[in-house]
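The values are calculated or read from the model by the stated rules, or taken from the named source; none is laboratory data. In this text, all values refer to a predicted model and were calculated from it rather than measured experimentally. Here the Cβ positions follow ideal geometry from the backbone for every residue, glycine too, while neighbour counts run over all protein chains shown. Ligands, DNA and RNA are excluded from the accessible area calculation, which covers all protein heavy atoms including side chains. Shrake-Rupley method; radii C 1.70, N 1.55, O 1.52, S 1.80 Å.
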Amino acid sequence: MHRHELTDQEWELLAPLIPRAATGRPRTADRQVINGMVYKIRTGVSWRDLPERYGSWKTVYTRFRRYALDGVFTRALQQIQARADAAGDIDWLVQIDSTIVRAHQHAADTGRNGGSTGRTNRNDHALGRSRGGLTTKIHLACDGKGRPLAVLLTAGQRHDSVCARPLLERIRVPRTGRGRPRCRPDHVIADKAYSSRGLRAYLRRRNIAHTIPEKLDQKGHRRNRGPRGGRPPHFDRNTYRQRNIVERCFNQLKGFRGIATRYDKTATSFEAAVHLASFLLWARSV
């Protein structure tokens, strides 16, 4: 086994979820191709520069693109989360945050309809223009042990609070037996960027406890309104100290050079790469 390749344990977890062709000529071994994908995401090399031991680079890329469109790595992430939840291994003290990723010039070439307009529909490929140039923002929800539960990609200039609700709604951990997937955290921790009345009301409607510090201007507006300003939101400093867990999760994800810098042209491919990296983080801990 070479560096940046799947261990036997990781392959045992992933192998049952890889689609297999029922007919046709013999193809390159699945583990060899998946190792090529992992190597590419780990090192950030271009597809054409993959080592020859992984076979044809075009085969590795074509299969990665097929898996990305089919949601293979998304389902793999959900399945390993389901196993952990069945064993009681998920800490539902959920933290949410975001990080900005610079887009390489190869990722920015998405055609006339993508990248430069800053639109938030799927045609912009989650590319936006901010102070650092073309960027993508990765919104992440992780459990209390620093493992990704849900990922959302947007253009780099999108504000965190706008994306909090769709991010939380992406948390969907299936049951190994009968029953609906678990979608509701026990507690949510977030920083001041998520301090808004709308988000707090949404969390209260779902009966989700939350620890979010109040912004200084919001405190001032509330005090200026007097009795009509209402009571200050509850804030537990001891609980908030655990928010660094999501920062450590980002640190582990950005250990993959293909995640720390975006080289993929489409949002579908980049999201698949993030899901594959997230699966590997889970596989190390179960």
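How big is region 142-253 along each principal axis, measuring the range of its Cα positions in Å and listing the largest first?
The Cα atoms of region 142-253 stretch 52, 33, 30 Å along the principal axes, largest first.
Show me the three semi-axes of the equivalent ellipsoid for region 8-48, from the C-alpha gyration tensor (sqrt of 5 times each eigenvalue), largest first, rounded to whole Å.
In descending order the semi-axes read 21, 15, 7 Å.
Could you compute how much accessible surface Asp49 exposes when probed at 1.4 Å, giving the result in Å² to the nearest 10?
Answer for Asp49: close to 100 Å² accessible.
Multiplying the sequence separation of Val45 and Ile100 by 0.36 nm and subtracting their Cα-Cα distance, what value in nm do you get? All intermediate terms of the calculation are to be shown ahead of the outcome.
Numbers: separation 55, 0.36 × 55 = 19.80 nm, distance 2.03 nm.
Once the chain is fully extended between Val45 and Ile100, it gains 17.8 nm.
Given contacts defined as C-alpha pairs under 8 Å and at least six residues apart, what's the relative contact order of the chain, whole-number percent?
The normalised contact order for the chain reaches 23 percent.
Arranged from highest to lowest average of other beta-carbon atoms within 10 Å per residue, in what order do the peptides 236-243, 181-188 appear?
So the peptides 236-243, 181-188, ranked by packing, come out 181-188, 236-243.
Given the alpha-carbon gyration tensor of the chain, what are the semi-axes of its equivalent ellipsoid in whole angstrom, ordered largest first, with each equal to the square root of 5 times an eigenvalue? It would help to have the intermediate numbers written out before the result.
On the way: eigenvalues 265, 108, 46 Å².
Semi-axes from the Cα gyration tensor: 36, 23, 15 Å.
Quote the FRET efficiency, to the nearest 0.05, computed for Arg223 versus Ala260 with a Förster distance R0 of 41 Å and r equal to the Cβ-Cβ distance.
Values: r = 42 Å, r/R0 = 1.03.
Computed FRET efficiency for Arg223 and Ala260: 0.45.
With a 1.4 Å probe and all protein chains left in place, how much accessible area per residue does the chain have, in Å²?
For the chain, the per-residue accessible area is 52 Å².
Cα axis of helix 72-86 to longest principal axis of the chain: angle in degrees, 0 to 90, nearest 10?
60 degrees
Grab every C-alpha pair in region 1-110, bin the distances at 10 angstrom width from 0 up to the longest one, and report whole percents.
It works out to 11, 36, 34, 17, 2, in whole percents.
Keeping to pairs on different chains or 8 or more places apart, tell me how many lysine pairs in the chain have Cα atoms under 22 Å apart.
So the count works out to 13.
Looking at the chain, what % of its DSSP beta bridges pair antiparallel, to the nearest 5?
Numbers: 19 of 27 bridges.
That works out to approximately 70 percent antiparallel.
With the full set of protein chains in place, find how many percent of the accessible area of the chain is carbon and sulfur; take the probe as 1.4 Å.
45 percent
Using only DSSP helix segments of four residues or longer, with each worth -39500 (n - 2.57), what per-residue ellipticity at 222 nm results for the chain after dividing by its residue count and rounding to 500?
The per-residue figure over the chain is -12000 deg cm²/dmol.
Going by average Cβ neighbours within 10 Å, how do the peptides 155-163, 8-16 rank, with the highest at the top? Present the calculation step by step, with values, prior to reporting the outcome.
Working: 155-163: 18.1, 8-16: 14.6.
Ranking the peptides 155-163, 8-16 by packing returns 155-163, 8-16.
Kirkwood Rh and Cα-based Rg: tell me the resulting Rg over Rh for region 36-78, rounded to two decimals.
Radius of gyration over Kirkwood radius for region 36-78 works out to 1.00.
Rounded, prolate or oblate, given the Cα gyration tensor of region 173-232, with a/c below 1.5 counting as rounded? Present the calculation step by step, with values, prior to reporting the outcome.
Values: a/c = 4.68, a/b = 2.83, b/c = 1.66.
Cα axes put region 173-232 in the prolate bin.
In the full protein assembly as shown, how much of Ser285 is accessible to a 1.4 Å probe, in Å² to the nearest 10?
Number for this one is 60 Å².
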